[in-house]
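What follows is a short report on a single structure.
The values are calculated or read from the model by the stated rules, or taken from the named source; none is laboratory data. Note that the coordinates shown come from a computational prediction; the quantities given were computed from them, not determined experimentally. Glycine also receives a Cβ, built like all others from the backbone with ideal geometry; neighbour counts cover every protein chain displayed.
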């Protein structure tokens with residue numbers, strides 16, 4: 001084999017290895033601990049998104065706005081609580097329940113699933129609603145704390 005052929009083979013192998021290494025499972029997002037005090041009041045309420053990585057469920061709770069969120073934005077793990085804005089990524093149903101308890105009473109909470117995102121023009125294969133038992137737990141927490149929950153599949 002000529003040196004050029006060997007060089008081409010090595011470059012091809014390196015490119016294939018690089019492509020395969022980037023096809024692994026998504027990285028675990030940076031998660032927040034449930035906040036200590038109340039989350040900021042929001043006239044439009046809050047949006048909730050969920051997804052599963054491996055055996056773990058993740059949830060992003062974000063102040064509602066008029067614009068559609070991207071999957072990258074939802075799953076980035078950017079954890080911010082300011083005067084009028086909050087965005088928290090939480091691991092597991094327990095941390096989600098504790099965080100919902102930090103919403104001001106009367107807050108509207110919309111749990112958004114993949115069908116709703118598709119209707120809004122966002123394709124998000126990773127976003128899904130968790131198992132029914134999780135939905136029941138969150139509904140109970142919302143009812144006990146005066147949060148208006150709406151689930152949109």
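A few notes on this one:
- Only one of 110, 93, 127 that is surrounded by 15 or more Cβ atoms within 10 Å (Cβ to Cβ), more than 13 Å from residue 33 (Cα to Cα), in contact with a helix residue (DSSP H, G or I) (Cβ under 6 Å, 6 or more places away or on another chain) and at pLDDT 90 or above: 127
- Condition check for residue 110: assigned to a helix (DSSP H, G or I), closer than 25 Å to residue 137 by Cα and in contact with a strand residue (DSSP E or B) (Cβ under 8 Å, 6 or more places away or on another chain): no
- When segment 91-107 is filtered for residues that are in contact (Cβ under 8 Å) with a residue 40 or more places away in the chain, in a helix (DSSP H, G or I) and over 13 Å from the mean Cα position of the chain (by Cα), the ones remaining, listed by number, are 95, 97, 98, 99, 100.
- Conditions (1) farther than 21 Å from residue 33 by Cα; (2) surrounded by fewer than 17 Cβ atoms within 10 Å (Cβ to Cβ); (3) in contact (Cβ under 8 Å) with a residue 12 or more places away in the chain; number of the one not met by residue 118: (3)
- Summed over segment 45-60, the residues that are within 16 Å of residue 109 (Cα to Cα) and either in a strand (DSSP E or B) or at pLDDT below 95 (or both) give a count of 7.
- Residue ID - surrounded by the fewest Cβ atoms within 10 Å (Cβ to Cβ), chosen from residues in segment 61-90 that are more than 13 Å from the chain's Cα centre (by Cα), in contact (Cβ under 8 Å) with a residue 40 or more places away in the chain and not in a loop (DSSP other than H, G, I, E, B): 81
- Filter pass, residue 13 being surrounded by fewer than 20 Cβ atoms within 10 Å (Cβ to Cβ), modelled with pLDDT of 95 or more and assigned to a helix (DSSP H, G or I): no
- Residue in segment 16-23 that is assigned to a loop (DSSP other than H, G, I, E, B) and either modelled with pLDDT of 95 or more or within 24 Å of residue 141 (Cβ to Cβ) (or both) present: no
- Out of 148, 153, sole residue that is over 16 Å from the mean Cα position of the chain (by Cα) and farther than 22 Å from residue 30 by Cα: 148
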